[in-house]
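As structure tokens, the structure follows; a few thoughts come after it.
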Amino acid sequence: MAEQTTHPYNPAETEPRWQLAWDEAECFIAKNDSPKPKFYALEMFPYPSGRIHMGHVRNYAMGDVVARYKRARGFEVLHPMGWDAFGMPAENAAIETGGHPKDWTYGNIEQMRAPMKRLGFALDWSREFATCDVDYYTEQQRIFLKFWEKGLVYSKTAKVNWDPVDNTVLANEQVIDGKGWRSGAVVEQRDMEQWFFKITEYADELIEGLDTLDRWPEKVRTMQRNWIGKSEGCRINFEIDELGNSQALDAFGYQDGMSLKTMLDGFLSKRAEDIAARRPRQLKPDDRGVTAAWAWAHTYPDGIQVYTTRPDTLFGASFIALSPDHPLTKELAAAFPEVVDFQAECAKIGTSEEAIAQAPKLGLDTGLRVDHPFIKDKTLPVWIANFVLMGYGTGAIFGCPAHDQRDFDFATKYGLPILPVVQSDEGEAGELIEAYTGDGTLINSDFLNGLSKDDGIRAAIEKIEEMGYGEGTTQYRLRDWGVSRQRYWGCPIPVIHCPKCGAVPVPEADLPVELPYDIEFDSPGNPLDRHPTFKHCTCPKCGGEAERETDTLDTFADSSWYYAKFAGKDGSPFDKKAASDWLPVDQYVGGVEHAVLHLLYSRFFTRGLRDCGLINLPSGEPFAGLFTQGMVTHATYETDDGWVLPADVTEKDGVLIHMPTGKTATKGDVIKMSKSKKNTVDPNDIIETYGADVARWFVLSDSPPERDVEWSEDGVRGAWNFQKKVWRIVQSTNVSDHGPTTIASDAKGDALTLRRAAHKALAKITEGIEAFRFNTSVAQIYELTNALSKYDGQDAARMEALGILIRSIAPFMPHLAEECWAQLGGEGLVATADWPTLDEAMLVEDTVTMPIQVNGKRRGEISVPKDMPKDEVEALALSEPNVARTIDGAPVRKVIVVPGRIVNIVI
RNA sequence: GCCGGUGUGGUGGAAUUGGUAGACACGCGGGAUUCAAAAUCCCGUGCUCCUAGAGCGUGUCGGUUCGAGUCCGACCACCGGUACCA
């Protein structure tokens, strides 16, 4: 028996010591050629803002539990960490406080790495990198070029949000109420040459792949499905109706033989005189129709093309509607002030989101009429309508008011016909008060009559194709990914613009296109554009003078493949074999806020890498398992001066007082920690006061991982007390020869009870970790700890139970576990120890306590041997005093005995 | 509006998937130890009734069942996502 020493547990001393021990033993360095099965655990890498927050701690603690547990289970675990280091904050810091984005970023990385190391995560730091490392972005440029070769990259002119003060493009999220988030200037829509990744190429595969991701939250899969927004339908051309528009020709002084163009040119020149004389002339819709026909003839010789998912309702069509931004609308606007006014009115509602939701339907009749494709001599009026979006489909629709709510509202307002063509299968339709969008049987629809909705859609498409009016198509909401950013601190796009040869890729041998360090932020816009030499180069094709692309890649590109880069050992170029071996990531952990963008872009990237032959990953799926964790929240407090620190608020006689000022405070919502609400808790302070293990334990206990956890001082002290309790139990244990790997196979009596408790706890702890329900594992660890603290014996059962406890705690509080392990004479490090072996026999009790119900109400309980025959259990149950009293001689109608569970007596 | 989720003590949350509702933790109350405090340990703690015991109790209403937090139907509230997507 070894000599006992008693001293309080001191994390400030033990934690750095064990971190050093892990480093020296290189326990967390993943081997690329290991014979063990692989497990890739990954948390979303952080942006180097300069400080870590509690959200990071929770995120990485969860990943760490999985990583440490899987290692104990015999897996070769890859658990790396890096930095998502490009982006605007670095540039903004440089603009605001001087300095250089590069220095700022690497400085922040230094500041953040230290506390992360102090948290004792089982990370393979040897694979660390930052996306702004030249090595990293060189490879990204190489991937860009491969994607280009493969047809996955192209450039086109597209609309962007342009901030005229900062001279830069803004992302949609950076435009608030139509103004730039920094400058406050009204944002303009500008056409600019932009680079795009062809993510739509994989639209179908990205949807289908979602069905295979059975270890992703349903929520995230649904969000991606909606984002891609696949819909099946068809495009239909509506041809202009000559007769319908000829009715208005008189208004234009039409004479036989006069060409439409001659007539209209004359009319328009007269309009020009009116405008010059400030005599705006409002035309009747019929008059506009003639002009529309003319405009249409120029713009759309084939007709007005609409997109619909409901061609089965074509017989119920009563109008055509164009978007206010439709090219035909624009043609009309050139000639008619009321169209311009109408566009302005629509645009007014445009910006604020609430207004859009409440916006009433607005329309303007163009007077133009088109032919119905299926009904001879029937024409439909063409309107301009504010609810038709240019960005989806063709920017034009046909309206079927009876079966589309928006069309219904529109038709009701403007007195357009509402013709039902789908009859609900239950009951007949009465007076329509809203659109019926459900399934049913087609009526009033000629050749479609009697068909179901789906059959009707098929039949209608077939007919439209046969008549040459259009074709069945699939429409996606997803658009190609615009990646050009007019920013310095990002990965330069490796392209050269040659006046003769156009856009030319930078030859691979000339990579990297490196960011120059000597840049100035003294004037707005992209400093690369003003750099003395960066831009100037020669064309790799013709050798002539050319200009280098100065845009950089969207930083979402950086985070779209970093997990593949981790697979390769430090300093190696992109390692195809390693990436193919390690991917997919087995468990990815991060916040839901990346549910669509980052996770979708990554799924696109792996498919691109696969199809360019850079990785062997048939499924194309980068993340086999995904877990989205909740946030760390904290109470907020406010005085009339604004938000105050929760630590400064105390309660006195039921009133909250802000101590530094003496003012009364009110409690606000419990919300995500945020600097502006002053409800943050600095992990550094917590580590300082309580140690890393306590911080980790707290953020994992109580709340289920997917839900928010509320930070509380009491909760942290609870974790602190638990740590001390474990240590106290270990200190009061005599060290035996076998140490914590002892197995007390001949335990009896109390010792056996303890053994059972330990193995039962182990089973549930394991289950909790596997199912990502760490809070239940924590509860089981508490139970086992309580059982041990009550156990007086200094025997093998105690040692075995402690051994199970310590190894179960190890993924959560690794430093404490090491210290206890060493104290108990454990061999080596817990970090590399195997997970305890479960003794299944210990899970089965010899005797069970069975509750007895009478008519479903619990009246007593009996203790019986596990395998006692049913009739004996029944007899025992009936004779239990309280049960017998309740029955009180009443006839027993039925007795249900569920072995080992419950007895229910029915009277 | 649509899609997804959640609703259980004073609080965070458990509940082997239809079988003792409230594990575990926080908080609170009482006690032990202490000159005292901290720490620690023990007991109690869903609500109601005077105890043995009984009644009520998992958002609401109804249903299935020997038995429902769990299954079915209808609703309510809150949270998240999304939106005139044709």
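The values are calculated or read from the model by the stated rules, or taken from the named source; none is laboratory data. Every value quoted in this text rests on a predicted model; they were computed, and no experiment measured them. Every residue, glycine among them, receives a Cβ derived from its backbone with ideal geometry; neighbour counts consider all protein chains shown.
Residues that are at pLDDT below 85 and more than 10 Å from RNA strand B (Cβ to nearest atom): list the helices (runs of 4 or more DSSP H) wholly contained in the range A:319-405 that include at least 3 such residues.
So the answer is A:327-335, A:337-349.
If A:G438 meets every condition in (1) surrounded by 13 or more Cβ atoms within 10 Å (Cβ to Cβ); (2) assigned to a loop (DSSP other than H, G, I, E, B); (3) touching a Lys or Arg at 6+ places or on another chain (Cβ under 9 Å) apart from one, which number is that one?
(1)
Quick check: anything in the range A:580-591 in contact with a Lys or Arg (Cβ under 9 Å, 6 or more places away or on another chain), on the phi < 0 side of the Ramachandran plot, modelled with pLDDT under 90 and crowded, with 20+ Cβ neighbours inside 10 Å?
No, the range A:580-591 contains no residue that is in contact with a Lys or Arg (Cβ under 9 Å, 6 or more places away or on another chain), on the phi < 0 side of the Ramachandran plot, modelled with pLDDT under 90 and crowded, with 20+ Cβ neighbours inside 10 Å.
Quick one: in the range A:609-655, of everything that is among the acidic types (D, E) and free of Cβ contacts under 8 Å to residues at least 40 places away in the same chain, which residue is surrounded by the most Cβ atoms within 10 Å (Cβ to Cβ)? So that I can check it myself, show each step before the final result.
Of the range A:609-655, the ones among the acidic types (D, E) are A:611, A:621, A:638, A:640-641, A:648, A:651, A:653.
Okay, now just the ones that are also free of Cβ contacts under 8 Å to residues at least 40 places away in the same chain, so A:638, A:640-641, A:648, A:651, A:653.
Values: A:E638: 17, A:D640: 10, A:D641: 10, A:D648: 15, A:E651: 10, A:D653: 5.
Of everything passing the filter in the range A:609-655, A:E638 is surrounded by the most Cβ atoms within 10 Å (Cβ to Cβ).
Does any residue in the range A:733-745 that is more than 19 Å from A:K790 (Cβ to Cβ) come within less than 7 Å, Cβ to Cβ, of a residue that is among the aromatic types (F, W, Y) and modelled with pLDDT of 90 or more six or more places away or on a different chain, and which pairs are these?
A:P740/A:W821
For A:R235, indicate whether it is surrounded by 14 or more Cβ atoms within 10 Å (Cβ to Cβ), within 16 Å of RNA strand B (Cβ to nearest atom) and assigned to a strand (DSSP E or B).
Yes, satisfied.
So which residues in the range A:466-476 are under 26 Å from A:E205 (Cβ atoms) and either out of contact with any helix residue (DSSP H, G or I) (no Cβ under 7 Å at 6 or more places or on another chain) or surrounded by 15 or more Cβ atoms within 10 Å (Cβ to Cβ) (or both), if there are any at all? Explain how you work it out, then say what you get.
Step one: list which residues in the range A:466-476 are under 26 Å from A:E205 (Cβ atoms), which gives A:471-476.
Of everything in the range A:466-476, those that are under 26 Å from A:E205 (Cβ atoms) and either out of contact with any helix residue (DSSP H, G or I) (no Cβ under 7 Å at 6 or more places or on another chain) or surrounded by 15 or more Cβ atoms within 10 Å (Cβ to Cβ) (or both) turn out to be A:G472, A:T473, A:T474, A:Q475, A:Y476.
A:I743 - would you say it is within 10 Å of RNA strand B (Cβ to nearest atom) and β-branched (V, I, T)?
no
Can you confirm whether A:D103 is of a type outside the set (K, R), closer than 19 Å to A:A810 by Cβ, assigned to a helix (DSSP H, G or I) and modelled with pLDDT of 95 or more?
Against the criterion (of a type outside the set (K, R), closer than 19 Å to A:A810 by Cβ, assigned to a helix (DSSP H, G or I) and modelled with pLDDT of 95 or more), A:D103 does not qualify.
Can you confirm whether A:A695 is away from RNA strand B (no atom under 11 Å from the Cβ) and crowded, with 17+ Cβ neighbours inside 10 Å?
So A:A695 passes the test.
Output the residues belonging to the range A:771-789 that are in contact with a Phe, Trp or Tyr (Cβ under 9 Å, 6 or more places away or on another chain), at negative phi, of a type in the set (A, V, I, L, M, F, W, C) and more than 7 Å from RNA strand B (Cβ to nearest atom).
Going residue by residue through the range A:771-789, those that are in contact with a Phe, Trp or Tyr (Cβ under 9 Å, 6 or more places away or on another chain) are A:772, A:774, A:777-778, A:781-782, A:785.
Subset that is at negative phi: A:774, A:777-778, A:781-782, A:785.
With of a type in the set (A, V, I, L, M, F, W, C) added as a condition, the list becomes A:774, A:778, A:781.
Residues satisfying the conditions are A:F774, A:I781.
Say we look at the range A:406-416 and pick out the residues that are closer than 18 Å to A:F238 by Cβ and touching a helix residue (DSSP H, G or I) at 6+ places or on another chain (Cβ under 6 Å); which of these is farthest from RNA strand B (Cβ to nearest atom)?
A:A411
Determine whether the range A:570-581 contains at least one residue that is within 16 Å of RNA strand B (Cβ to nearest atom) and touching a residue at least 60 places away in the same chain (Cβ under 8 Å).
no
Mind counting the residues in the range A:199-218 that are touching a Leu at 6+ places or on another chain (Cβ under 7 Å), buried (at least 18 other Cβ atoms within 10 Å of the Cβ) and not aliphatic (A, V, I, L, M)?
Qualifying residue count for the region: 1.
Determine, yes or no, whether A:E706 is charged (D, E, K, R), at pLDDT 90 or above and away from RNA strand B (no atom under 15 Å from the Cβ).
Numbers: charged (D, E, K, R): yes; at pLDDT 90 or above: yes; away from RNA strand B (no atom under 15 Å from the Cβ): no.
For A:E706, the condition - charged (D, E, K, R), at pLDDT 90 or above and away from RNA strand B (no atom under 15 Å from the Cβ) - is not met.
For the range A:537-653, which helices (runs of 4 or more DSSP H) that fit wholly inside it have 1 or more residues that are over 21 Å from A:D480 (Cα atoms) and out of contact with any strand residue (DSSP E or B) (no Cβ under 8 Å at 6 or more places or on another chain)? Show your work before the answer.
Details: elements: A:555-558, A:562-565, A:576-582, A:597-611.
Correct list: A:562-565, A:576-582.
From the residues in the range A:885-898 that are modelled with pLDDT of 85 or more and surrounded by 15 or more Cβ atoms within 10 Å (Cβ to Cβ), which one is nearest to A:M842 (Cα to Cα)?
Here the answer is A:V897.
Within the range A:773-785, identify whether any single residue is under 38 Å from the mean Cα position of the chain (by Cα), under 30 Å from A:P646 (Cα atoms) and acidic (D, E), and answer yes or no.
Scanning the range A:773-785, I find no residue that is under 38 Å from the mean Cα position of the chain (by Cα), under 30 Å from A:P646 (Cα atoms) and acidic (D, E), so the answer is no.
Could you check A:K677 against (1) buried (at least 21 other Cβ atoms within 10 Å of the Cβ); (2) closer than 20 Å to A:I52 by Cα and say which number it fails?
(1)
Which residues, taken from the range A:17-54, are among the β-branched types (V, I, T) and either within 27 Å of A:K577 (Cβ to Cβ) or part of a strand (DSSP E or B) (or both)?
Hit for the range A:17-54 is A:I29, nothing else.
Quick one: what pairs do we get from the range A:119-148, first residue on the phi > 0 side of the Ramachandran plot, second small (G, A, S), C-beta under 9 Å, 6+ apart or different chains?
A:G120/A:A692
Hey, does the range A:63-79 have a residue that's under 26 Å from the mean Cα position of the chain (by Cα), in a loop (DSSP other than H, G, I, E, B) and not polar (S, T, N, Q)?
Looking for residues that are under 26 Å from the mean Cα position of the chain (by Cα), in a loop (DSSP other than H, G, I, E, B) and not polar (S, T, N, Q), one finds at least one in the range A:63-79, hence yes.
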